[in-house]
Amino acid sequence: MPSRDRSLDSRLSAMSVPSRSPSPEVGAALKRKRSTTTRSSSLPSASSCSESQSRSSPPRSRRRRSSRNSSPSYSSDQGRPTKDKAARASEIWEQEAKAKETAAKGEALRSTLAQLSCTKAGGAYIPPARLKALMAEAAAADPGSVEYQRMSWDSLKKSITGLVNKVAVENIKSIVPELFGCANLIRGRGLYCRSIMRAQALSLSFTPVFAALTAIVNTKLPMVGELLVTRLVSQFRRSFKRNDKTICNSTAMFIAHLVNQGVVHEVLALEILVLLLEKPTDDSVEIAVGFMREVGAFLAEEAPKANNSIFDRFRAVLYEGEISKRVQYMIEVLSQVRREGFKDNPRILKALDLVDEDDQITHHISLDDQLNVEEGLNVFKIDAEFVENEERYRSIKAEILGEDENSDENGSDADSESESSDGSEEDDQDDAQKQLEIHDRTETNLINLRRTIYLTIMSSLDFEESVHKLLKLEIPEDQGIELCNMIVECCSQERTYSKFYGNMGERFCKLHRKWSETFVQSFTNYYDTIHRYETNRLRNIARFFGHLFSTDSISWASLSVVHMTEEDTTSSSRIFVKILFQEMQQQLGLRELAERFKEPSLQQDWQGLFPKDSPKSTRFSINYFTSIGLGVLTEDMREYLKNAPKILLAQRQAALAARGSDDSDTDSSSVLSSSSGSRSSHSSRSRAYSSSQACLGLVRD
């Protein structure tokens, strides 16, 4: 153990960052450079005279001699180039020192990585922070170096494997941006295909998730989807020849879901089914049945004729009887699943339907094609154009994710055009945010909101606690109707009506006017769709809204949606209104309820509830309310029906009087015609009077 600790300490010391001070070798090289420079400056040349004067001071006698022989103008002109050359020389020395320092760092980094790679497992474990520091050093030394490419490859492999293993239905929308942003999928497409194939083989239940992830990647990088389909087809052919049932089944299932997502054409699925059923065995037919359960809904829609022929082949295999009873039963179950419309095996789950059909790129790959699986993409290879390829992928990533790739250039030009650049940057940010917006067509957020509301209601002891918790959720105004609907739905699912929900709705309505209006909207929606509910749920909903009406939580004018006629009502709506009014009668009393319905300001809103437009509708409403024990509410309608003949007669007389006044100025022929008209009107009045007496007799009976 002590020897292992010493070796580990030596590795960690070798991993330490080299200091920035130049090494002894660099110092010796600098000294040799300086000595050669001073020797060359001592030679008698006019160009090196000024350089020797700047570096080492000559003897006094030589200085005096030179000053006597040379003119002042010549000495002043010679001083300027001397300073420039000295500055250039110092810059050259600094550059050489930096280059040697960088070379020393690269050599130390190479030796460190070599030591770490010499273990039996192929490399020692490097903590993430240390690995990040090493990658930063390698990038600073040489971004295109072999060491940096190797470290970036290892990081790429870890990122892709981690994201693929982490993906699920709930987080697939957040995994996709990470996958495009953290990993170069063009360089690592082989790693992606290998990781996702391994993960799918180990967890078949997540196959729809992996297929949905591949479908999203395929819309942006089609070469990734094509490579995955190619490898799956090659693996299926290989496993089929080797009679490897496990791998063949998992591969076929993955291909089926890729067909459902539109990544590969359905011809491949039909070829697989034909191959499996050509020479039927227990294993091949079992794989074909499982494959058909996954892809059957898609084939029934896209290729119905081919789907029928496949099921005919299944039927023929069943009648031949060359397979075991277990597999025969599986075929019978598959036929039953087909008759039920594959309800348990839909084409694509709603939560995974994330790609539009117009955006998807479908690959046409056959079982008989010559395929290149590109196994070389699974291993590390030195890329001579590594830096350029990384820059290209950054631009592709910016286009996919909607990032602003010219942010640095805009920042450099901000001094000259500050106002315009600020405005353009804000516009770019807005555009990027718009591009990053994901349109959720699966209603995942709505489902999560309903789940939260349901759990909050069910975990509360009383209605006050429930209202308090629901208000703390800060539900947006446009989703307030969902809160009201969830309260009504929870109430309807109880075995018997609970005042807990009625008190909750009352408290919400009296807290703010918007909740009262929202519950009125909910009442309208439920009355229009009340025929969809069974009797027990209908009863609870009616009693809930009856409580709201009795406590004046919602406006009684909302009863205008009820039209009590034979044509506008159904059996469900009549039962709903009956239970609603009985709940109101129980809480208010019959006398107060009758007084409420005599309110003059609301008579206009109750014309549909108590119709007076035709005797037929009036009689229907009278008979309905009388049958439910609320005949006191029909007194006005009875009075109207009793006086209806007189009202009609008065209206006719008024019309005839108006017509007679218009005809008074006509000649004698018009007088004769008017007298005949009066006789006919008298006979019509007598007929109307007799019919009205008959109507009254029916009502009294």
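Convex hull volume per residue, computed on the Cα atoms of the stretch 547-628, equals 93 Å³. The N389 and Q521 beta-carbon pair, evaluated with R₀ = 60 Å, returns a calculated FRET efficiency of approximately 0.55.
Normalising by residue count, the stretch 228-364 has a Cα convex hull of 108 Å³ per residue. Ordering F298, F597 by the number of other Cβ atoms within 10 Å of each residue's own Cβ, fewest first, gives F597, F298. Net charge near F519: determine it from the other residues with C-beta under 14 Å of the C-beta of F519, scoring Lys and Arg +1 and Asp and Glu -1. Spelling it out: positives minus negatives among the neighbours equals -1. For the stretch 444-609, the fraction of C-alpha pairs more than 23 angstrom apart is 38%.
Each Lys or Arg adds one and each Asp or Glu subtracts one; over the other residues with Cβ under 10 Å from the Cβ of A300, this totals 0. By the count of neighbouring beta-carbon atoms within 10 Å, fewest first, L276, L334 end up ordered L334, L276.
Each of R242, R537, R495 was scored by other Cβ atoms within 10 Å of its Cβ. Listed from fewest to most, they are R495, R242, R537. Here the Debye sum runs over all C-alpha atoms of the stretch 146-378 as equal scatterers in vacuum, and log10 of I(q)/I(0) at q = 0.07, 0.17 Å⁻¹ comes out as -0.23, -1.24.
Which pairs in the list K166/K397; K499/K612; K279/K305; K350/K578 are over 28 Å apart, alpha-carbon to alpha-carbon? Beyond 28 Å: K499/K612; K350/K578. For the stretch 289-390, the extents of the C-alpha atoms along the principal axes are 62, 33, 23 Å, listed from largest to smallest.
We did not get these values from a lab; they are worked out from the coordinates using the rules stated. Here the structure is a predicted model, which means the values were calculated and not measured. When we count neighbours, we look across all protein chains shown, and the Cβ atoms used for this are built from the backbone with ideal geometry, even at glycine.
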